[in-house]
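One structure below.
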Amino acid sequence: MVWATKRIKYCSILLLVILATACLTGISYLAATAPMPYDLEYIGISSAIILNFNPNLHNLIVILMKSIGADSLIVCFWGMTITLIPFRRGERWAWISLFVFGSMYAIAGSAAFFSTGGWLKWVALAQTALFLVAILIPVQDFFRKK
């Protein structure tokens, strides 16, 4: 197996750390039995009020959260797989793929947390900044003429 430059190696480690921490969000959403506290704070009511108003609405919210958690875990494991093998080999398609999907995931997550997330918006912003560092530092290694 041919490994690419040290920049790619170190940036791939940073990407793996970012993806591992993003997995924690997916796990917390997948394990949720009620809406997240910051979401409840955003809408200004408690989980008990939603449950008393309409149990099906409460269940729908929890099901949607679990779907977001599952989607997040799938994206994170996909990203880890791409990072561990083709990205570390310096394959151009891997960089493009991680950049496009990682950017979409970071923008969507940051937008959601900035709307409702309280202190988590700063975690999302830090993850987005670290992602950009990890993906942009080795860009010349992926797009230099061979």
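The values are calculated or read from the model by the stated rules, or taken from the named source; none is laboratory data. Keep in mind that what you see is a predicted model, and the values were worked out from it rather than measured. No Cβ is skipped: glycine too gets one built from the backbone with ideal geometry, and neighbour counts run over all protein chains shown.
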| remark: For the stretch 111-123, pairs from a residue that is under 21 Å from V17 (Cα atoms) and aromatic (F, W, Y) to a residue that is surrounded by 13 or more Cβ atoms within 10 Å (Cβ to Cβ) and modelled with pLDDT under 85, with Cβ under 7 Å and 6 or more apart or across chains, are F113/L120
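Go through the stretch 82-93 and give me each residue that's assigned to a helix (DSSP H, G or I) and either surrounded by 20 or more Cβ atoms within 10 Å (Cβ to Cβ) or in contact (Cβ under 8 Å) with a residue 60 or more places away in the chain (or both).
Here is the first cut: in the stretch 82-93, the ones assigned to a helix (DSSP H, G or I) are 82-87, 92-93.
Of everything in the stretch 82-93, those that are assigned to a helix (DSSP H, G or I) and either surrounded by 20 or more Cβ atoms within 10 Å (Cβ to Cβ) or in contact (Cβ under 8 Å) with a residue 60 or more places away in the chain (or both) turn out to be I82, T83, L84, F87.
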| request: Could you pull out the residue among S67, S72 that is of a type in the set (S, T, Y), closer than 24 Å to G109 by Cβ and surrounded by 14 or more Cβ atoms within 10 Å (Cβ to Cβ)? | output: S72
| query | So which of L60, L40 ends up being surrounded by 13 or more Cβ atoms within 10 Å (Cβ to Cβ) and free of Cβ contacts under 8 Å to residues at least 12 places away in the same chain? | reply | L40
| Contacts under 6 angstrom Cβ, first residue in the stretch 1-27 being at negative phi and at pLDDT 95 or above, partner surrounded by 14 or more Cβ atoms within 10 Å (Cβ to Cβ) and of a type in the set (S, T, Y), 6 or more apart | S12/T83; L15/T83; L16/T83
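Please pick out the residue among S12, S67, S47 that is polar (S, T, N, Q), more than 30 Å from L136 (Cα to Cα) and under 17 Å from the mean Cα position of the chain (by Cα).
On the way: S12 fails: more than 30 Å from L136 (Cα to Cα); S47 fails: under 17 Å from the mean Cα position of the chain (by Cα).
Going through S12, S67, S47 in turn, the sole match is S67.
Out of the residues in the stretch 99-146 that are of a type outside the set (V, I, T) and touching a Phe, Trp or Tyr at 6+ places or on another chain (Cβ under 6 Å), state the one that is surrounded by the most Cβ atoms within 10 Å (Cβ to Cβ).
Step one: of the stretch 99-146, the residues of a type outside the set (V, I, T) are 99, 101-106, 108-115, 117-122, 124-127, 129-132, 134, 136, 138, 140-146.
Adding the requirement that they be touching a Phe, Trp or Tyr at 6+ places or on another chain (Cβ under 6 Å) leaves 102, 106, 117-118, 120-121, 124, 142.
Numbers: G102: 23, A106: 21, G117: 20, G118: 13, L120: 17, K121: 18, A124: 21, F142: 19.
Per the criteria, the residue is G102.
Being of a type in the set (S, T, Y) and not in a helix (DSSP H, G or I) is the filter here; which residues of the stretch 15-51 pass it? Quick ask: steps written out before the conclusion?
So the first thing to find is which residues in the stretch 15-51 are of a type in the set (S, T, Y), and the list is 21, 25, 28-29, 33, 38, 42, 46-47.
Hits for the stretch 15-51 are T33, S46.
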